Number of protein chains: 2
Amino acid sequence: MLRGMVRIIGADDLTAIVNTGDDTVFHGLHVSPDLDTVTYTVAEAIDPERGWGLSGESWRAMEALGRYAPFGALTWFNLGDTDLATHLFRTDRLRQGAPLSTVTAEIAAAWALPLRVLPMTDDPVATMVTTADGEMAFQEYFVGRRHDIDVTAVRFEGASTARPAPGVLDAIASADAIVICPSNPVVSIGPVLAVPGVRDAVVAARERVVAVSPIVGGAALKGPADRMLRGLGVEVSAVGVASWYREIAAALVIDDADAALAPAIEALDMRCVVTDTIMRTAEIAAAVSSAALGAVGPRH
Amino acid sequence: MLRGMVRIIGADDLTAIVNTGDDTVFHGLHVSPDLDTVTYTVAEAIDPERGWGLSGESWRAMEALGRYAPFGALTWFNLGDTDLATHLFRTDRLRQGAPLSTVTAEIAAAWALPLRVLPMTDDPVATMVTTADGEMAFQEYFVGRRHDIDVTAVRFEGASTARPAPGVLDAIASADAIVICPSNPVVSIGPVLAVPGVRDAVVAARERVVAVSPIVGGAALKGPADRMLRGLGVEVSAVGVASWYREIAAALVIDDADAALAPAIEALDMRCVVTDTIMRTAEIAAAVSSAALGAVGPRH
């Protein structure tokens, strides 16, 4: 989706506000999975098969770490050798006292990204999920347990005292259009909205806000969004997504497969755009971006 | 030298007390160069050409870090991909609150080392050298400047309040023999002796202490020991080494090339053993070890 946005919006006009609730410290390194996925994806350096990390990656450091597994080294969270450079740089800069937003801008510049990337906050926020096996940190659920366990509750530790990163509220207030990408509504979009001030800013901008449904044909295209919504009592459909976002978004983009649901979505006081949302190519991603922008403003 | 000691001493009877004054944090990782060199060398995993790091190493993480150099990433201190695993493990364990001596024992066990390895202290000590370009941390001098600058003074920051690691004083007090390996007397042996209590313990054991001269034929076999001794006003010869160690050691092993210096060393109240000290093979290293042990005790 973001690659599609980059195709039709100039670098000076595009800002990505990114979830950091998945951030964690592994092997002493500060890892920001969502920021890195945005960076590597827009840089077209991401591994297309895995959907995370860098293409052409090697795993020698992690393989060598196996020697220390009997003494407590975690080996279930893989960091590739070239990906490690990003975590080493970020960890070092944070240790020097640089805020995450500054380091994020440096990493974006190092990859010559054609957009501005902002973490939702410079403060620590940790997404915690409650499962049948108790509460656990997000990466333990998502990677360690391969999200193969039901989630009954989600909370964002630290969010209540976190402040939006510099530029976040301004970007929302001044945007011609705000696009909620088809990420997991609960654990990818949810943490961003949980930072005090962000949700209010988005609500105030509702007429310019459009979401793209991550649920197509009653299932998530990838990841556990469908099971999570179900676990939280939300209908797993584009209508369920509409009910989830109706207070903050004026429009919803849904897939052709769900065209019959448009009237039910419009009944929730949302405009509905029906199009092909399966972003198999950059061209389709650009078309989805155009459709989304078209739903909330005359400019595009 | 240590490989030679391992050949003739059983695992339960051999303890290496290792300098940590070179320890530093690079890229957020706690690096212990001397501990790792001991571990990798005894494990016969060290790169024989470089003399540090692991053999068969790759450098993909460091190469990737070059992307972040314009934003302050240090690139002059190389950590290989498989070597990184050791630093990741150590950093993580220290962050969990484990003392360095515990982590060092775990790393030694992970490599199945046939001896006990102790850091000189669990507390932070930093070797600082004064040069024509001012004072700098040891690794900046040794690696960053390739020790190509004169040193006029050395101090061990933190040493005065450091405590010997658990087992260090006991090992010295109970040892049948204490061998000071032919490391740099100033910056490799010096920091160990600077930890309060260690020098006194060695002085008390002087009759059981033997040093092996790192100066052969008026020069260091490797590294800057010769230039450092000269900078500190010490004669660069086996006699100079004898004068440096005479208070703590009863015997000195010198090379055949320096045989003519034996009377001058004996005049300093030290026994002198002359042998081939150029340890080209493990057999020669074992012979040097036997010669050293023979100088201070009947047991070997």
(message) Looking for one value pair here: nearest-to-axis residue in chain A (by Cβ) for the rotation onto B, and the distance in whole angstrom.
(response) A:Asp81, 2
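When Lys and Arg each count +1 and Asp and Glu each count -1, what net charge do the other residues less than 9 Å away from B:Arg60, Cβ to Cβ, add up to? Working shown, then result.
Values: positive: A:Arg60; negative: A:Glu57, A:Asp81, B:Glu63, B:Asp81.
That works out to -3.
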(request) Compute the long axis of helix A:33-42 from its Cα atoms, compare it with the longest principal axis of the Cα atoms of chain A, and write down the angle in degrees, 0 to 90, nearest 10. (result) 70 degrees
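Leaving out ligands, DNA and RNA, and with a 1.4 Å probe, what % of the accessible surface on the protein assembly as shown is carbon or sulfur?
Carbon with sulfur: 51 percent of the solvent-accessible area.
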(request) Using label points projected 7 Å from each Cα along Cα→Cβ, tell me how many nm separate A:Ala257 and A:Ala45, to one decimal. (result) 3.3 nm
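When a/c reaches 1.5 or more, the comparison of a/b and b/c decides; with that in mind, is segment A:141-300 rounded, prolate or oblate per its Cα gyration tensor?
Numbers: a/c = 1.59, a/b = 1.06, b/c = 1.50.
Since a/c reaches 1.5 but b/c is at least a/b, the shape of segment A:141-300 is classed as oblate.
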(message) Counting only other chains, and only Cβ atoms inside 10 Å, what mean value do you get across the residues of B:76-89?
(response) 6
(message) So the label point goes 7 Å from the Cα of B:Ala219 along Cα→C-beta, right? Which residues of segment B:242-260 then have their backbone N under 15 Å from it?
(response) B:257-258
(message) Below 8 Å between Cα atoms, with a sequence gap of 6+, how large is the relative contact order for chain B in percent?
(response) 18 percent
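Taking beta carbons within 10 Å but only from partner chains, what does the mean come to for residues B:105-111? Numbers along the way, then the final one.
Values: counts 1, 5, 3, 0, 3, 7, 2.
Across B:105-111, the average partner-chain Cβ count within 10 Å equals 3.
With n ≥ 4 as the cut-off for DSSP H runs, can you work out [θ] at 222 nm for the protein assembly as shown, using -39500 (n - 2.57) per run divided by the number of residues, rounded to the nearest 500? Could you put the intermediate results ahead of the total?
On the way: 24 runs with 206 residues, N = 600.
Result for the protein assembly as shown: -9500 deg cm²/dmol, rounded to the nearest 500.
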(request) Mind running the shape call on segment A:139-233? Use the C-alpha gyration tensor, a ≥ b ≥ c as the square roots of the eigenvalues: rounded below 1.5 for a/c, prolate if a/b tops b/c, oblate otherwise. (result) oblate
(request) Just subtract the alpha-carbon distance of B:Glu235 and B:Ser174 from 0.36 nm times their residue separation and send over the number in nm, one decimal. (result) 18.7 nm
(request) Tell me which residues come under 5 Å, amide H to amide H, from A:Asp122 once H is placed; ignore anything under 5 positions away on its chain. (result) A:Arg163, A:Ala165
(message) List residues of segment B:75-108, by number, whose backbone nitrogen lies under 11 Å from a label position 7 Å along Cα→C-beta of B:Trp59.
(response) B:76-81
(request) Find every distance from the label point of A:Asp13 to the corresponding label point in the other copies (7 Å from Cα along Cα→Cβ) and write them in nm, one decimal, shortest first. (result) 8.1
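For chain B, just say rounded, prolate or oblate: build the C-alpha gyration tensor, square-root its eigenvalues into a ≥ b ≥ c, call rounded for a/c under 1.5, and beyond that prolate if a/b exceeds b/c, oblate if not.
Working: a/c = 1.62, a/b = 1.39, b/c = 1.17.
Because a/c hits 1.5 or more and a/b exceeds b/c, chain B counts as prolate.
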(request) Taking 7 Å along the Cα-to-C-beta vector as the label spot, tell me the B:Arg280-A:Thr102 distance in nanometres, rounded to one decimal. (result) 5.5 nm
(request) Report the local net charge at A:Asp34: Lys and Arg +1, Asp and Glu -1, summed over other residues whose C-beta lies under 11 Å from its C-beta. (result) -3
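Taking both sides together, what accessible area is buried at the A/B interface, probe 1.4 Å, expressed in Å² and rounded to the nearest 100? The partial results should precede the final answer.
Working: alone 13760 and 13750 Å², together 24570 Å².
The A and B chains share an interface burying roughly 2900 Å².
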(request) Taking 7 Å along the Cα-to-C-beta vector as the label spot, tell me the B:Arg7-B:Ala267 distance in nanometres, rounded to one decimal. (result) 3.5 nm
(request) Within segment B:25-66, list the GluC sites (Glu not before Pro) lying in a DSSP loop whose Cβ has at most 12 other Cβ atoms in a 10 Å radius. (result) B:Glu44, B:Glu49
(request) May I ask you to report, in nm to one decimal and beginning with the shortest, the distances from B:Arg50 to the same position in the other copies, taking label points 7 Å along Cα-to-Cβ? (result) 2.3
(request) Using a 10 Å Cβ count of at most 15 others and DSSP loop calls, identify the longest part of chain A lacking such trypsin sites (Lys or Arg not before Pro). (result) A:51-144
(message) Defining the label point at 7 Å along Cα→Cβ, can you sort the distances from B:Ala153 to the same site in each other copy, shortest first, in nm?
(response) 6.2
(message) Name the residue from B:Gly297, B:Val203, B:Ile265 whose Cα lies farthest towards the positive end of the charge dipole of segment B:146-300, charges +1 on Cβ of Lys and Arg and -1 on Cβ of Asp and Glu.
(response) B:Val203
(request) Please work out the average accessible area per residue across chain A, using the 1.4 Å probe convention, and give it in Å². (result) 41 Å²
(message) Looking only at chain A, where both bridge partners belong to it, what percent of the DSSP beta bridges are antiparallel (to the nearest 5)?
(response) 55 percent
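The values are calculated or read from the model by the stated rules, or taken from the named source; none is laboratory data. Predicted model, so just to flag it, every value in this text is computed and none were measured. Using ideal geometry, Cβ is built from the backbone for each residue, glycine included, and neighbour counts are taken over all protein chains shown. Heavy atoms of the whole protein, side chains included, go into the accessibility calculation; ligands, DNA and RNA do not. Shrake-Rupley method; radii C 1.70, N 1.55, O 1.52, S 1.80 Å.
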